[in-house]
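Let me begin by presenting the structure, written as structure tokens, before commenting on it.
The values are calculated or read from the model by the stated rules, or taken from the named source; none is laboratory data. Keep in mind that this is a model prediction, so the values were computed, not measured. Cβ coordinates were reconstructed from backbone atoms using ideal geometry, including for glycine residues, and neighbour counts include every protein chain displayed.
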Amino acid sequence: MIDILRRIGNKITQLITYRKIHAGGRRNTQSALSIFFTNLKQDKLALVGVILLICFIFVGIFAETLAPHGPRDRHYDEQGQIRRLESPSAAHPFGTTDVGRDIFSQVILGTRTALLVGFIAALLVTFVGSVVGIVSGYFGGIVDSVLMRIVDFFYAIPFIPFVIVLAAIMRPSLWNVILAVSMLSWRTVARIVRSQVLSISRRPYIKAAKIAGAGHVRIMFKYILPNVIPLVLLEMAFMVNWAIMSEASIAFLGFGDPRETSWGQILHMNFVSGYSRIAWWWTAPPGLAIILLLVSIFFLARSLEAVVDPRLRKR
Amino acid sequence: MAFLEVKDLEITYTVGNGQLRAVDGVSFSLEKGESLGVVGESGCGKTTIAKGLMQLLPKNGRISGGSVKLNGRELVGLSKEAVRRHRLKEIAMVSQSAMNSLNPVYTIGRQLVEGIMAHTSIGKHAAYQRAVEVFQMVGLEEKRLKNYPHQLSGGMKQRAVIALALTLDPSLIIADEPTTALDVVVQDRILHRIIKIQKEINSSMIFITHDISVVSEICENILVMYGGKVMETASTSSFFRRPYHPYSLGLQNAFPVITEITEELISIPGSPPNLLSPPEGCRFYERCPFAEELCRKEPPPLYEAEPGHYAACHFLKKADEFRTRASKRETWEAVQTRMIRREAEEGY
Amino acid sequence: MAGYIIRRLLIMVLMILLVSTMIFLLFRTMPGDPTASMVDPSIPSEARQALLERYGLHESLWTQYTIFMGDLLRLDFGSSYYYNRPVLQIIQNRLPATLILMFTAMLFAYLIGIFGGAWMAWKRGTKLESTGITLSLIFRSAPTFWVGMMVILVFAVRLGWFPAQGMRTTGYEGTTFGEIFISLDFLRHLILPAFTAGLYFLATPALIMRNSMLEVLSEDYIEMAHAKGLPERQVLYRHAARNALLPVVTAGALFIGMAIGGQVLIEVVFSWPGLGREIVQAVTRSDYPLAQGCFIILSTVVMVMNLIADVVYAVLDPRIAY
């Protein structure tokens with residue numbers, strides 16, 4: 001069992017291994033993970049980011065246990081009156097909504113939704129975008145032109161209006177939201193990966209591999225993929241942010257999944273209730289949560305940038 | 001009092017957590033209208049001197065000592081504004097990558113006029129006329145002034161940059177490898193044009209290059225640098241007739257002579273010293289075939305080998321013997337063997 | 001140059017047609033009654049029959065498509081279920097509001113962003129630069145609608161400096177363009193949403209300008225500009241910033257597509273009567289013709305902006321051969 005795990009671990013490390021190949025043909029292998037960790041020790045902000053992110057993930061996983069109440073539970077006071085719009089107190093650290101719900105619990109449960117949507121959408125988007133980018137950049141010619149025209153078309157479509165229109169024709173569920181977000185966002189990844197692949201494809205060792213008779217798939221997997229993975233991971237980090245932000249926006253507009261608690265959803269209820277101008281305790285926490293989560297991912301992304309671009313590394 | 005007097009110039013870079021002294025106690029002087037060729041390997045400090053004279057050092061560099069007097073006026077320690085006013089008007093520079101020295105989004109004419117108007121109060125029209133004048137001097141047509149840089153060939157861009165340097169009749173021109181990026185035919189043409197112009201307007205010139213043969217053709221004096229220090233300095237004729245420093249002897253070997261094409265070139269083995277922790281004694285000790293214990297311990301000052309001809313070597317008296325030995329391949333191969341042996345002893 | 005513009009225009013028209021086709025297909029595939037996308041299901045049946053005929057909804061998809069495209073070219077987007085007026089009319093009503101808000105915000109964002117970015121690059125390595133970067137990061141991480149809500153909380157409700165919503169105070173009458181749009185009342189209403197949108201737009205040009213400047217500053221022609229003895233300010237703006245602007249413009253074009261989304265959110269938060277808010281309301285009310293029309297127009301706005309950005313880029317960079 002351990003043996004299998006070790007082999008899987010090796011394979012993953014191999015995949016992440018960032019090979020710097022000099023023009024002369026010599027290979028210089030440096031593990032991306034090791035660069036990442038060295039940089040992490042120096043870059044305090046990145047460290048803060050990672051710690052914050054771990055906290056968020058922890059909260060996300062154990063949300064149900066950590067939240068003191070259910071998101072829809074109404075709370076009554078001693079006289080049997082609903083606790084409407086109460087400002088923060090010991091019992092309700094973030095106060096209550098206009099129908100007496102505990103905001104703190106909602107925010108905690110919202111963490112899980114944010115992380116889920118963020119990572120799944122990002123994974124989807126990155127996968128599709130990278131495949132398109134690699135194929136397009138590697139094959140060039142007609143394949144490239146066709147694929148890039150398709151990407152151009154997707155670029156012409158404004159993001160949120162499109163998602164809104166999709167919401168008109170699809171049922172509001174979390175998966176549909178993820179799908180809606182993913183359908184357009186892959187275009188950015190495709191373009192970025194493609195330009196990276198274009199520059200790699202021109203390098204002599206790729207030509208050498210082709211002459212040696214290596215098949216296309218083999219070249220793409222063995223030579224190109226390892227060199228774009230750091231960039232792809234970096235883009236994925238940004239995509240996570242984008243996905244979380246988009247989901248929040250969609251939910252805010254009222255097109256999210258009403259059965260799920262998400263930060264955008266909380267703000268939606270806040271806004272339509274009309275009390276957003278008064279109940280600052282209702283408005284502030286979800287937004288601050290979003291900011292914290294996204295900022296921590298940004299800091300993490302910056303240290304990933306150091307892996308991709310050696311100029312940014314801290315010694 | 002010479003026109004340009006540089007005394008004990010020191011330029012230091014702050015690198016990581018150390019101080020790198022790229023120029024360590026360099027002195028030379030230049031009369032009005034004279035030309036000086038500065039030669040040396042990459043990293044010997046010659047470009048740093050150029051930048052230092054123009055006060056164009058990057059943020060982590062500074063002049064840490066010495067003096068530079070132009071026409072009696074001390075340049076080190078001047079205010080930023082005073083330095084700015086000296087540029088182009090008194091000291092003009094033609095840099096290595098002239099191709100990229102021109103801003104791609106403005107026409108050439110505009111860039112020349114801009115320089116003129118930054119230092120004088122003549123109108124745009126007069127400035128443009130001046131630009132036409134200098135273009136004629138370098139052999140470019142007036143209509144090229146209306147072109148953008150990308151519309152010119154490499155040689156033309158180089159000539160445009162030279163013209164730029166001439167616009168305000170500077171008393172000192174610093175040319176930092178101005179022809180390295182060009183093909184040899186164009187190189188030759190431009191080099192001769194530079195000299196002709198220099199004589200016409202009677203400016204002093206410092207010509208920086210790693211190509212010693214170029215210096216032999218166009219400069220009156222020569223300064224050989226290595227590891228941030230001056231190794232030898234003399235008039236060009238005296239230098240090529242009788243070089244004294246072992247490094248100079250090595251340099252002469254490394255350039256092909258057309259009468260001996262069948263011979264393989266003899267190069268100097270090894271690489272320049274690490275200036276973050278420079279050697280105690282002579283900088284050339286590691287690679288010198290004639291090095292002795294004294295060389296390792298004591299850095300040699302510039303001794304006068306002949307009138308006006310100086311070399312930084314403890315053993316100038318043996319120069320004749322050195323010259324004969326240096327022309328033989330075995331001498332330098334022995335250096336290689338010595339270096340390998342030393343590495344084997346110290347390294348592992 | 002003219003040839004370049006014409007070529008891009010043609011491509012743009014093609015894209016608009018493609019997007020419209022996509023919308024057409026999307027709405028025809030939705031679950032439930034596919035005719036609901038063109039004909040209001042709640043109107044009396046004879047009227048319905050007439051409309052079904054009109055739009056060819058009993059016939060093949062292809063016929064429907066040709067009718068749809070034909071209508072589109074005549075700018076006939078159908079009739080809004082909710083307002084009972086032609087969609088085009090509503091769009092004409094709402095479009096100016098959106099455009100004014102968008103342009104004001106972009107002007108604000110780009111001016112401050114570009115100067116800020118250039119300045120941050122100039123001050124590389126100092127504390128000011130890192131603070132600037134961290135601030136930009138925080139702004140990029142804050143959802144724009146949330147910022148809007150907070151801005152309303154602070155500036156409109158607590159401080160009472162500006163109105164909290166809408167484009168003009170209720171009861172304000174104005175008929176001419178000037179009276180509606182160039183009045184103090186309008187400007188007061190414009191400030192908060194434009195400011196919020198501006199904050200959202202700001203981070204991108206600032207960061208890109210900074211990165212671009214850093215690259216440009218290490219170029220040789222900057223050293224030459226210094227060697228010519230040009231004053232610092234001239235080097236920074238005329239030489240460095242001018243070249244650094246080019247990537248900002250290209251990135252700006254791409255950004256606009258995303259920016260429309262922010263525009264929608266801000267219109268909703270501030271109840272600004274523009275196209276963005278309209279499309280949200282249309283979808284919520286299942287007013288499909290209006291939603292379709294709004295979407296197509298919004299896409300067109302994005303594409304026109306992209307075209308303008310491309311042209312501006314070609315003008316700025318003489319190396320582009322056209």
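Worth a mention:
- Considering segment B:260-303, the residues that are at pLDDT 80 or above and assigned to a helix (DSSP H, G or I) include one that is farthest from B:S327 (Cα to Cα), namely B:K297.
- Scope segment B:118-132; condition at pLDDT below 90 and hydrophobic (A, V, I, L, M, F, W, C); matching residues: B:A118, B:I122
- Residues that are free of Cβ contacts under 8 Å to residues at least 24 places away in the same chain, within 14 Å of chain A (Cβ to nearest Cβ) and either within 21 Å of the chain's Cα centre (by Cα) or buried (at least 20 other Cβ atoms within 10 Å of the Cβ) (or both), drawn from segment C:100-141: C:S141
- Check on C:R319, surrounded by fewer than 24 Cβ atoms within 10 Å (Cβ to Cβ), of a type outside the set (A, V, I, L, M, F, W, C) and within 7 Å of another protein chain (Cβ to nearest Cβ): yes
- A search for C-beta distances below 9 Å between a residue of segment B:297-318 that is at positive phi and any residue that is of a type in the set (A, V, I, L, M, F, W, C), counting only pairs 6+ apart in sequence or on different chains, returns B:G308/B:A234.
- Members of segment B:147-178 found to be within 10 Å of chain C (Cβ to nearest Cβ) and under 20 Å from the mean Cα position of the chain (by Cα), listed by number: B:V161, B:L164, B:A165, B:I174
For (1) more than 9 Å from chain C (Cβ to nearest Cβ); (2) among the aliphatic types (A, V, I, L, M); (3) within 19 Å of B:P170 (Cα to Cα); (4) in contact with a Ser or Thr (Cβ under 8 Å, 6 or more places away or on another chain), each residue gets a yes or a no:
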position: B:L102; (1), (2), (3), (4): no, yes, no, no
position: B:V105; (1), (2), (3), (4): no, yes, no, no
position: B:I122; (1), (2), (3), (4): yes, yes, yes, no
position: B:L145; (1), (2), (3), (4): yes, yes, no, yes
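- Those residues of segment A:63-101 which are surrounded by fewer than 14 Cβ atoms within 10 Å (Cβ to Cβ) and touching a His at 6+ places or on another chain (Cβ under 9 Å), in sequence order: A:P68
Residues are listed down the side, and each one gets a yes or a no for (1) on the phi > 0 side of the Ramachandran plot; (2) without any contact (Cβ under 8 Å) to a residue 12 or more places away in the chain; (3) not in a helix (DSSP H, G or I):
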residue: C:Q49; (1), (2), (3): no, yes, no
residue: C:G56; (1), (2), (3): yes, yes, yes
residue: C:Y65; (1), (2), (3): no, no, no
residue: C:F68; (1), (2), (3): no, no, no
residue: C:Y82; (1), (2), (3): no, no, yes
residue: C:I91; (1), (2), (3): no, no, no
residue: C:R94; (1), (2), (3): no, no, no
residue: C:T98; (1), (2), (3): no, no, no
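- 1 or more residues buried (at least 19 other Cβ atoms within 10 Å of the Cβ) and more than 14 Å from chain A (Cβ to nearest Cβ): qualifying helices (runs of 4 or more DSSP H) within segment C:189-293: C:220-227, C:242-269
- Which numbered condition B:T324 misses (of (1) β-branched (V, I, T); (2) surrounded by fewer than 15 Cβ atoms within 10 Å (Cβ to Cβ); (3) under 23 Å from the mean Cα position of the chain (by Cα)): (3)
- Wholly enclosed helices (runs of 4 or more DSSP H) of segment A:202-282 bearing at least 2 residues closer than 20 Å to A:Y138 by Cα: A:204-211, A:216-219, A:225-253
- Of the residues making up segment A:161-168, none is of a type in the set (F, W, Y) and either under 17 Å from the mean Cα position of the chain (by Cα) or surrounded by fewer than 23 Cβ atoms within 10 Å (Cβ to Cβ) (or both).
- Taking segment A:254-277 as the range and being touching a Ser or Thr at 6+ places or on another chain (Cβ under 8 Å) and within 10 Å of chain C (Cβ to nearest Cβ) as the test, the residues that pass are A:G254, A:W263, A:G264, A:L267, A:N270, A:S276.
- Residue list for segment A:206-224, filter: in contact (Cβ under 8 Å) with a residue 60 or more places away in the chain and crowded, with 16+ Cβ neighbours inside 10 Å: A:I219, A:M220, A:I224
- For segment B:9-31, the criterion of being of a type in the set (S, T, Y), in contact with a strand residue (DSSP E or B) (Cβ under 7 Å, 6 or more places away or on another chain), farther than 30 Å from C:E219 by Cβ and at pLDDT 85 or above is satisfied by at least one residue.
- The set of residues in segment B:27-51 that are assigned to a strand (DSSP E or B) and closer than 11 Å to B:I208 by Cα comprises B:S35, B:L36, B:G37, B:V38, B:V39.
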